[in-house]
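Right, one structure below, let's go through it.
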Amino acid sequence: MGQGHLNARMALGSIALLVVIMTPRAAHACTAIAVGRNASANGSPMITHSDDSGGSADIRIVRVPARDHPEGSMRPVYLSVGTYPRLIAPERSPDYAADLLPDGLLDRLDKRFYTPLGYVPEVPHTYAYVDSDYGIANEAGLVMGESTCGAKLVAAPLGIMNGSALFCIEELSKVALERCATARCAIQTMGALAEEFGYYGATAQFGSKYAPGSEVKGRYPNGAWPGLEQEEGGEALVIADRAGEAWVFHICPDDTGKSAVWAAKRVRDDEVAVVANNFVIRTCEDGPEWCMRSSNAEAVAKRAGLKMHADVGGANPGEGSPSADALAFDFTAAFGFESAEYVALQISRYYTGRRIWRVFDLVAPSLRLDPSAGHVPSQPTYPFAVKAETLVTAQRLADIHRDHYEGTPYDLTNGPAAGPYGTPNRYTGGRAGSAVKGAWERAISMHRSLWAFVGVAGRPAPSGGADSQVALAAAKAARPSASAASAPAAGSSPGGPFPFVTSLSAHTAPQPPPGAETVVWFCPDTPHASFFSPLFPALEAMPAQLRSANEAVYDPQGSAWWAASSVKMILDLNYRLLHPKVEAAQAVWEQEAHALASELEGAVAAARGVSDEAEKGRLLTRAGARLDAHWTHGVGRWNTLFAELMVAVRNGYNNTILAPGVVWESGNAYPDWWLVKAGFDRFPQPPAIANPVPSEGDEAMPPTAAEETAAAAAGAPGPVIPDNQPRPVLLAAHGPSISASAPPPTPAWQLFTVAVASGIATAVALNVGAGTLRALVASKAGAGTRLRDRLFPRATHQEPLLVPGATAPPTSTTVP
């Protein structure tokens, strides 16, 4: 073990961290796409990432500046913290200073979670980069996106639950951006560091002593590290660079918890690949130009008793015989997590597989891939990548990240779950412990997205020019040899025990020449409700509207995230009516944003060509101010859009502005299919909303007189309410009891509607004569049939709208 290794392991001494875990984020939730340069409309490789983890996250986007480091410096490696703040490290970026935190927060944080786990030797120079939970892009043109993956092998961080691993994917991605100009360099750097120091899986919520721990004790007994769940044990990155390459990278712990296994595969120049929370790299037989893999991968799989080859020919996952190429080791079959429980396996199969199919079907529709194939690690279904049938633009990738399978049988804007107005959002499943098992389709765009982006790596210069040749030579010089995956012996170079960090580091590569600049098209919050605008890693700061974001403080004027989130939430009132208005706003805004991006791209390129550092700084500062103003305008535009949407659906109507101060209301009729499903045509019988499995907090339906009489006869005391007296109507879980007046002697109609917020909950009380008040409620009392029979003892499901002998109902069954 090298001295540097020992220093990292001992950085925390013998401290055993007392782990407090917050409500877990859905880290197993991101979609990432990689596009080869010849499949790209601008000739640059591209990647995407949507961070769909939701939860109590740190949503700030900051810039880490470039730095020169004295000889002998050590680089701190921090714990993966999923909450706000993710990092307190002013030495990394001024935006990570403790004094920028909300008043009173610092005193409530456990400082141990913001102390480095360990250190690795620093390199002489590090690039500036755009940072979030994961590193995004650096000034040299390296861009990357992330997707958490299931893995059979798991590990814990150094000092936690006897863990020995130093690196998570967050810190690995950031080290790569600090040191590398090419994807190959990034892959080799991350792989070697993880092998040497160990790798641990996704964090979920972690690191704050004020966490409401009661909710997590059952899931994480004794403060277990959430990354020990196999569903989140591995990670994938999609990576692209200015040299013109796009790669997919996979990593997970080894079987000792002290090292890692990894693989990387290059996306061919005319193809598109996608990762959706499961590994997709299988064999690695094309040589180091197209595929790399840690030298220990096969040995670890054998030692752990894992599958070495994928199956083909079986009707179900895990069945069938080894693939035709029986000698080819399959990384995904070996290390990809595959639940042994059938229902969980099927959910995972389509949670991943449907998104892979959708992206491939959008870029290569003539392949007519099977949407029902799903994705299962042990049994290949979809290819690693497909050839794009038309050139892909950054705007096209943005639109893909807004997709809900519209126009397919899986369209989330259709069907009963979408409601009468077609919302694609599915917020959750059943309550904890529910007997109802199942899953919703998982779309690409989600309500819980924190952000999404399209990373355009850029390209050196016009093809064939001298500058282009210089850049390509620089990129090749930065590529490690195939043997560089393992760290050489300590002391073999001036770089200390890790000479590979020197040979692969950013400072060895010349400054990229002028050409198409690196642009990150960033979208705060959920793509279908938000806007994409450019960011430039070469500029000296991120826009203020992205740096000051906080989920706990509603700030639609100062935060791009909150401006977009407000629009997202109001869309659920009537998605079908409102979303076209959002699409129109997106189209106008993004056209303006592309025009600005071209302008700023030219300004950044011009600054690169200026030798005078002061003048270069002035040019970049001016471009940064221009970009900041653009983002400020975008936030204002989305606040205006939110106001317009509020007016458009005020009171649940479709409101049209006829003249200043004059609005015309027209009804938003429910579709016929929904009216039938909701029981509108069976009035006054109860719609099928009885609650056969009681939830905690539900109100019980008062017993009938007959039931109370029977109970009294059995010795149970209790008041008896005669049938000819009013009985209380209980609005289950939506408010206090409301007493209804006694029914008139003649049959009559009474409708009482309570609308909560957007009409999400509606309670209706009816009395339809003959001395019995018929109430529609959600109740703890028994199954739906029993509830119906108690409330409507003479009713059947075929009862006509008018009860025999009843007077005619009002012309409308809704309250104006």
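Give me a count of the residues in region 521-540 that are within 20 Å of the chain's Cα centre (by Cα) and part of a loop (DSSP other than H, G, I, E, B).
5
Can you name every residue in region 258-282 that is open to solvent by 10 Å² or more (accessible area, probe 1.4 Å), in a loop (DSSP other than H, G, I, E, B) and not hydroxyl-bearing (Ser, Thr, Tyr)?
LYS258, ARG268, ASP269, ASP270, VAL280, ARG282, listed by residue number.
How many of the residues in region 129-138 are at pLDDT 95 or above and either more than 21 Å from CYS523 (Cα to Cα) or not small (Gly, Ala, Ser) (or both)?
6
What's the number of the only condition in (1) among the aromatic types (Phe, Trp, Tyr); (2) over 18 Å from ASP525 (Cβ atoms); (3) open to solvent by less than 60 Å² (accessible area, probe 1.4 Å) that TYR653 fails to meet?
(3)
Which numbered condition in (1) within 20 Å of SER56 (Cα to Cα); (2) modelled with pLDDT of 95 or more is the only one that THR83 fails?
(2)
Which one of ARG92, ARG25, ARG9, ARG75 is at pLDDT 95 or above, over 30 Å from LEU391 (Cβ atoms) and open to solvent by 10 Å² or more (accessible area, probe 1.4 Å)?
ARG92
I'd like the full set of residues that are farther than 22 Å from GLN395 by Cβ, open to solvent by 20 Å² or more (accessible area, probe 1.4 Å) and in contact (Cβ under 8 Å) with a residue 24 or more places away in the chain, limited to region 566-588.
Within region 566-588, ASP572, LEU573, ARG576, LEU577 qualify.
Quick one: what pairs do we get from region 37-48, first residue on the phi > 0 side of the Ramachandran plot, second open to solvent by 10 Å² or more (accessible area, probe 1.4 Å), C-beta under 7 Å, 6+ apart or different chains?
Final answer for the pair search is GLY43/ARG37; GLY43/ARG459.
Restricting to region 156-186, and then to whatever is open to solvent by less than 10 Å² (accessible area, probe 1.4 Å) and more than 25 Å from ALA89 (Cα to Cα), can you tell me which residue is nearest to the chain's Cα centre (by Cα)?
ALA183
Report, by residue number, each residue of region 87-102 that is more than 21 Å from THR126 (Cα to Cα) and touching a residue at least 60 places away in the same chain (Cβ under 8 Å).
Result: PRO102, single match.
Out of ALA564, ALA560, which single residue is farther than 14 Å from ALA648 by Cβ, in contact with a Leu (Cβ under 8 Å, 6 or more places away or on another chain) and among the aliphatic types (A, V, I, L, M)?
Values: ALA564 fails: in contact with a Leu (Cβ under 8 Å, 6 or more places away or on another chain).
Sole residue among the options that is farther than 14 Å from ALA648 by Cβ, in contact with a Leu (Cβ under 8 Å, 6 or more places away or on another chain) and among the aliphatic types (A, V, I, L, M): ALA560.
Looking only at region 540-565, count how many residues are open to solvent by less than 50 Å² (accessible area, probe 1.4 Å) and hydroxyl-bearing (Ser, Thr, Tyr).
Residues in region 540-565 being open to solvent by less than 50 Å² (accessible area, probe 1.4 Å) and hydroxyl-bearing (Ser, Thr, Tyr): 2 in total.
Every residue, every condition in (1) modelled with pLDDT under 95; (2) open to solvent by 60 Å² or more (accessible area, probe 1.4 Å); (3) part of a loop (DSSP other than H, G, I, E, B); (4) of a type in the set (Val, Ile, Thr), yes or no:
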{"residue": "ALA593", "(1), (2), (3), (4)": "no, no, no, no"}
{"residue": "LEU596", "(1), (2), (3), (4)": "no, no, no, no"}
{"residue": "GLU601", "(1), (2), (3), (4)": "yes, no, no, no"}
{"residue": "ALA605", "(1), (2), (3), (4)": "yes, no, no, no"}
{"residue": "SER611", "(1), (2), (3), (4)": "yes, yes, yes, no"}
{"residue": "LYS616", "(1), (2), (3), (4)": "yes, no, no, no"}
{"residue": "ARG626", "(1), (2), (3), (4)": "no, yes, no, no"}
{"residue": "HIS633", "(1), (2), (3), (4)": "no, yes, no, no"}
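Which of the residues that make up region 397-410 are in contact (Cβ under 8 Å) with a residue 12 or more places away in the chain, under 27 Å from ILE47 (Cβ atoms) and either open to solvent by 30 Å² or more (accessible area, probe 1.4 Å) or not in a helix (DSSP H, G or I) (or both)?
Within region 397-410, the subset in contact (Cβ under 8 Å) with a residue 12 or more places away in the chain is 397-398, 400-405, 408-410.
Still in the running and under 27 Å from ILE47 (Cβ atoms): 397-398, 400-405, 408, 410.
Scanning region 397-410 gives HIS401, ARG402, ASP403, HIS404, TYR405, THR408, TYR410.
All but one of (1) open to solvent by less than 50 Å² (accessible area, probe 1.4 Å); (2) more than 28 Å from ALA563 (Cα to Cα) hold for LEU641; which doesn't?
All conditions are met except number (2).
Restricting attention to strands (runs of 3 or more DSSP E) lying wholly within region 87-177, give those where 1 or more residues are of a type in the set (A, V, I, L, M, F, W, C) and in contact with a Cys (Cβ under 9 Å, 6 or more places away or on another chain).
143-149
Scan region 351-372 for residues that are open to solvent by 20 Å² or more (accessible area, probe 1.4 Å) and not in a helix (DSSP H, G or I) and jot them down.
Those that are open to solvent by 20 Å² or more (accessible area, probe 1.4 Å) and not in a helix (DSSP H, G or I): ARG368, LEU369, ASP370, PRO371, SER372.
The values are calculated or read from the model by the stated rules, or taken from the named source; none is laboratory data. Here the structure is a predicted model, which is why all the values come from computation and not from measurement. Positions of Cβ are backbone-derived with ideal geometry, glycine not excepted, and every protein chain shown enters the neighbour counts. SASA here: full protein model, heavy atoms, side chains in, ligands and nucleic acids out. Shrake-Rupley method; radii C 1.70, N 1.55, O 1.52, S 1.80 Å.
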